[in-house]
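Notes to accompany the following structure.
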Amino acid sequence: MATTPEHRTIAPIVGPDDPRRFTDSGIEVKTVYHDADLPPELPERLGEPGEYPYTRGIHPDMYRRQLWTMRQYAGYASAKESNARYRYLLEHGSTGLSMAFDLPTQLGLDSDDVRSRGEVGRTGVAIDTIDDMRTAFDGIPLDQVSTSMT
C-alpha cells in the first residue's frame, strides 16, 4: 500500500448500526475469525506458544502458571525514597516494578545540568549514576522481579 498522502487509504465511515468495522487503513475486520479464514501455511508461521517467533506468547502454557505481572508506576524524588516504595509495593503484592523517572533523567540530563533546574525529582526518581540505580534496587531480587523503566 502506498504511503504518500495522495495514495493513502481512508477507512470508510460507518454508522453505529452498521456491523462492519474497518482498520485505519480501510481493511474490513470481521467480528469473529474461524479456521477457514486462515491461510493454510499459517500454523507453520505461527509456531507454538513459548517458541520462536513467539507470535502465540512467550510462555508455553501462557499465563495459566504465571499470572499477569502486577506493577504500579512509582518513583520518588531520590533513589533511596524510591527503594523504600518499591520494597513496600513488593511486600504488598506487586509482582513487578515500573520505575518512574523524573524529566531530566528521561531526557538524559544530569541533575546538576542548568536545564534540569526545577525539574529534578518532580515527576519521578532522579537517576544520574549507576550508584543511583544500585540504591534504587538495593535488596530487591531482580532475578525474580520484572522491572520496566519509563
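The values are calculated or read from the model by the stated rules, or taken from the named source; none is laboratory data. What you see is a predicted model; the values in this text were computed from it and never measured. Cβ coordinates were reconstructed from backbone atoms using ideal geometry, including for glycine residues, and neighbour counts include every protein chain displayed.
Looking at Asp24, is it outside the structural domain of Thr129 (by TED's automatic domain parsing), modelled with pLDDT of 80 or more, in a loop (DSSP other than H, G, I, E, B) and more than 25 Å from the chain's Cα centre (by Cα)? The answer is no for Asp24.
Checking the structure you have, find out if any residue of region 133-144 is surrounded by 15 or more Cβ atoms within 10 Å (Cβ to Cβ) and either charged (D, E, K, R) or out of contact with any helix residue (DSSP H, G or I) (no Cβ under 8 Å at 6 or more places or on another chain) (or both). Within region 133-144, none of the residues are surrounded by 15 or more Cβ atoms within 10 Å (Cβ to Cβ) and either charged (D, E, K, R) or out of contact with any helix residue (DSSP H, G or I) (no Cβ under 8 Å at 6 or more places or on another chain) (or both).
Okay, residues lined up against (1) assigned by TED's automatic domain parsing to the domain that holds Asp128; (2) at pLDDT below 85; (3) part of a helix (DSSP H, G or I); (4) within 30 Å of Pro141 (Cα to Cα):
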site: Thr31; (1), (2), (3), (4): no, yes, no, no
site: Glu44; (1), (2), (3), (4): no, yes, yes, no
site: Tyr52; (1), (2), (3), (4): no, no, no, yes
site: Arg85; (1), (2), (3), (4): yes, no, yes, yes
site: Leu89; (1), (2), (3), (4): yes, no, yes, yes
site: Pro104; (1), (2), (3), (4): yes, no, yes, yes
site: Leu109; (1), (2), (3), (4): yes, no, no, yes
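The condition of being of a type in the set (D, E, K, R), in contact with a helix residue (DSSP H, G or I) (Cβ under 6 Å, 6 or more places away or on another chain) and surrounded by fewer than 18 Cβ atoms within 10 Å (Cβ to Cβ) does not hold for Asp128.
Looking only at residues in region 54-95 that are closer than 30 Å to Pro43 by Cα and out of contact with any Gly (no Cβ under 9 Å at 6 or more places or on another chain), which one is surrounded by the most Cβ atoms within 10 Å (Cβ to Cβ)?
Only one residue fits best here, namely Gln66.
For beta carbons closer than 6 Å, sequence separation of 6+ or different chains, a first residue in region 57-74 that is among the charged types (D, E, K, R) and at pLDDT 80 or above and a second that is surrounded by 10 or more Cβ atoms within 10 Å (Cβ to Cβ) and part of a strand (DSSP E or B), the qualifying pairs are Arg71/Gly96; Arg71/Leu97; Arg71/Ser98.
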